[in-house]
Every structure is written in C-alpha cells, then in structure tokens.
Amino acid sequence: MKKLLLYASVVTVFFVSFLCLNARIITVDNNKPKAGDYETLKEAHTAANNGDTLLFFPSDRPYDADTITKTLHLFGTGFAPPDSGFLMTYCTKGKMKTTMMTGQLIFNNGSEGSSIQGIREYNSLYMLIKSNNISIKKNYYHK
C-alpha cells in the first residue's frame with residue numbers, strides 16, 4: 001500500500017510539474033510586416049494552451065477583442081495616460097505606439113485565473129466577465 005501511495009505521489013508531482021513547465025509565450029503582431037507568431041487575438045487564442053501568455057506588439061492599429069475560453073495572460077506594452085507625465089509606449093521612427101484593443105472582450109467559462117495587463121482602450125473596449133479570478137490591472141480606459 002505504501003509503495004502504491006508513493007508511486008501515485010511521484011506520478012502526480014511529475015504530471016503537475018509537466019503542466020506548469022509547458023507554458024509558452026505567444027507573440028501577437030498586427031503590424032505589416034509582422035514579427036509575431038500570430039496577427040490576431042483569435043488566432044493566438046486558438047493556438048494557445050491553458051497557462052500561456054499572449055504578448056501583444058505595439059501598433060498603430062488596435063487589436064480586435066475576442067472571447068477567452070482558456071486560462072491565458074494577455075500582456076501589452078503598456079500605456080501612457082495623457083496627464084501622467086510617464087511614457088510607457090514604444091517609439092519607432094519617431095512615432096509613439098502602444099498596445100490598443102477594441103471591441104468586446106469576454107472571459108467565458110474555462111478562463112478562470114486569466115489576466116490582462118498593459119492594454120489601452122481604443123474607441124471602446126467592453127469587458128464581460130463570466131468567470132472567476134480574472135486579474136485586470138495596469139490598463140488604460142477612457143472615462
């Protein structure tokens with residue numbers, strides 16, 4: 001019996017470690033030409049596994065929001081509120097870029113433990129949260 005419990009414990013630890021160590025960083029870039037793995041949130045979401053991070057490149061164009069059904073971590077390059085005095089954007093060829101998103105971002109069942117950070121609202125970004133434990137921090141939304 002002790003050997004069976006020891007064996008089950010070792011297999012469980014190995015399985016949990018395997019799941020935790022396989023998280024990837026997937027890049028999303030809607031610039032032309034693109035340097036990222038995918039061009040849209042939808043494409044990146046389809047390719048992602050639970051625990052992966054989606055890293056969005058700064059761009060002149062906003063990314064279209066979509067429905068999240070996996071535990072994912074969405075990271076943009078940051079934002080610069082107009083009155084902050086801070087510059088948290090990306091500069092290329094004299095143009096300031098940031099990670100902007102527009103549309104409806106839905107955190108559905110299955111997205112528990114997801115997070116979004118460093119995203120700036122463009123035009124309108126609506127968030128609908130139908131899941132628990134969603135972290136939303138360091139983003140910029142117009143009043």
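Please treat every number below as a calculation from the coordinates, not as lab data. As the structure is a prediction and not an experimental result, all values here were calculated from the model. Counting neighbours? That spans all protein chains shown, and the Cβs are built from the backbone with ideal geometry, glycine included.
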Placed amide H near Tyr140: partners under 5 Å, 5+ positions off or other chain: Ile119, Arg120, Glu121
Could you check the simple spin-label distance between Ala35 and Thr67, using points 7 Å along Cα→Cβ, in nm with one decimal? 3.4 nm
Using modelled amide H (1.01 Å from N, peptide plane; none on Pro or chain starts), what sits under 5 Å from the amide H of Thr27, excluding residues fewer than 5 places away? Asp37, Tyr38, Leu55
Note, region 36-44: 3J(HN,Hα) by Karplus (6.51, -1.76, 1.60, θ = phi - 60°), whole Hz, Gly/Pro = x, goes x, 5, 9, 9, 10, 4, 4, 5, 5
Of the peptides 34-41, 122-129, how do they stack up when ordered by the mean number of other Cβ atoms within 10 Å, highest first? 34-41, 122-129
For Lys97, enumerate residues with amide H under 5 Å from its amide H, sequence gap 5+ or separate chain, H modeled in the peptide plane. Tyr90, Cys91, Thr92
A correct Karplus calculation of ³J(HN,Hα) over region 65-78, with 6.51 cos²θ - 1.76 cosθ + 1.60, θ = phi - 60°, whole Hz and x for Gly and Pro, returns 5, 7, 8, 9, 10, 10, 6, 10, 10, 9, 10, x, 8, x
Could you give me the ³J(HN,Hα) list for region 125-137, computed from phi with Karplus coefficients 6.51, -1.76, 1.60 and θ = phi - 60°, whole Hz, x at Gly and Pro? 10, 9, 10, 10, 10, 10, 9, 9, 6, 9, 9, 10, 8
What distance in nm separates the two pseudo spin-label positions at Asn50 and Lys138, each 7 Å out from Cα along the beta-carbon direction? 2.6 nm
